[in-house]
1. Taking the Cβ of each residue in B:S36, B:S63, A:S151 as the centre, tally the other Cβ atoms inside 10 Å and list the residues starting with the fewest.
2. Would you please give the residues with an amide H less than 5 Å from that of B:E127, counting only those at least 5 places away or on a separate chain, with H modeled from the backbone geometry?
3. Kindly point out, ordered by number, any Cys in the protein assembly as shown whose beta-carbon has no other cysteine beta-carbon under 4.7 Å away.
4. May I ask you to derive the FRET efficiency for A:V61 and B:R83 from their Cβ-Cβ distance with R0 = 41 Å, giving the value to the nearest 0.05?
5. Once the Cβ-Cβ distance between B:L10 and A:H157 is put in as r, and R0 is 22 Å, what FRET efficiency do you end up with, to the nearest 0.05?
6. If you count, for every residue in A:92-100, the Cβ atoms of partner chains within 10 Å of its Cβ, what is the mean?
7. Which three lengths, in whole Å and largest first, does chain A cover when its Cα atoms are put on their principal axes?
8. First measure r as the distance between the Cβ atoms of B:L25 and A:K3, then evaluate 1/(1 + (r/R0)^6) with R0 = 35 Å and state the FRET efficiency to the nearest 0.05.
Amino acid sequence: MAKKTAYLGMFTALAFVFSYIEFLLPINLGIPGIKLGLANLVSIVALYTMGASWAFPLSLVRILLTGLTFGNPASMIYSLAGGILSLAIMIVAKRCKLFSVTGVSVLGGVFHNVGQILVAILVVETASLLYYLPVLILSGTAAGVLIGLLSSILIRHLRKITEMEQVGR
Amino acid sequence: MVKSVIPAGLKSMKKNDLKLLAVLLGLALAAFVGMSLYARFTTKEPQAVVLLDGKERGRYSLSEETVVEIRQEDGSYNILQIRDGKAEITEASCPDKICVNHRPVRGQGESLVCLPNRLVVEIENGEDLGIDAGTR
């Protein structure tokens, strides 16, 4: 248990650093909501090596930390919406055993953007934001594929922690 | 290192992943086509509609050059500028300035959004930008 806690701490710190790196990158394409989702890399690896019950608090803590440090309370609402929806979908997708890690990551990326757009629509009470949906689906998919490919390699190499999930939490 | 990651990762993918990608791409395409078709049925003059908290506060024709200061009770503001048939936000009180950095808009359905100030500037009857609409 102590070992898992230590790993969780490391994952949290890592996710936080990835968020910071993304924060440093310029807004690139001029459309709100486009991001690489590097922190998802940590979420997915944690999901597959430590299980959903550890990955969920990891994501929550990371979003809160990042929101408080680099964002503002307003932006945290969107991050939370996107992050929670994304992780929930990924947990379900992983359990269904239909997709590989990359597929799960793609779903995570797309639904992260979908979650953010839905909350944004609720906040400004305008449906016109749906206009951004095609672009966000595409960018979520592209980022998801990239993150997924990287994650699958990492998960395979982090086998020792993987065994922990089966042996019994 | 990159050369070994991609093929190794690709080998781990399953058929369902490819189906998922196809569905997502199809969805994005369908949504885009749907919205473009919808735009084709309106032929009125392009306008920039200012919405605060979802309520319309003003309409400005894109053919007239104007500068509008949208100031709210709590002191937050956005400065909307209409120029060259496009609308852009040149100044804002929000911390992230995503609205200011957004490229000027003129196409049907495009919008400038300032989430902290709960402001949306929506283009109505704008031109149909075709393939480039969402990706420029």
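A short reminder: the numbers here are calculations on the coordinates, not readings from a lab. Just so it is clear, the structure is predicted and the values come from calculations on it, not from any experiment. Please note: Cβ atoms are built from the backbone with ideal geometry, for glycine as well, and neighbour counts cover all protein chains shown.
1. Ranking B:S36, B:S63, A:S151 by Cβ neighbours within 10 Å, fewest first, gives B:S63, B:S36, A:S151.
2. Sorted by chain and number, the residues that satisfy this are B:Q108.
3. By the Cβ distance rule, which asks for a partner under 4.7 Å, the isolated cysteines are A:C96, B:C94.
4. With a Förster radius of 41 Å, E is 0.35.
5. Efficiency for this residue pair is about 0.85.
6. 3
7. Answer, in whole Å and largest first: 49, 35, 25 Å.
8. So the FRET efficiency works out to roughly 0.25.
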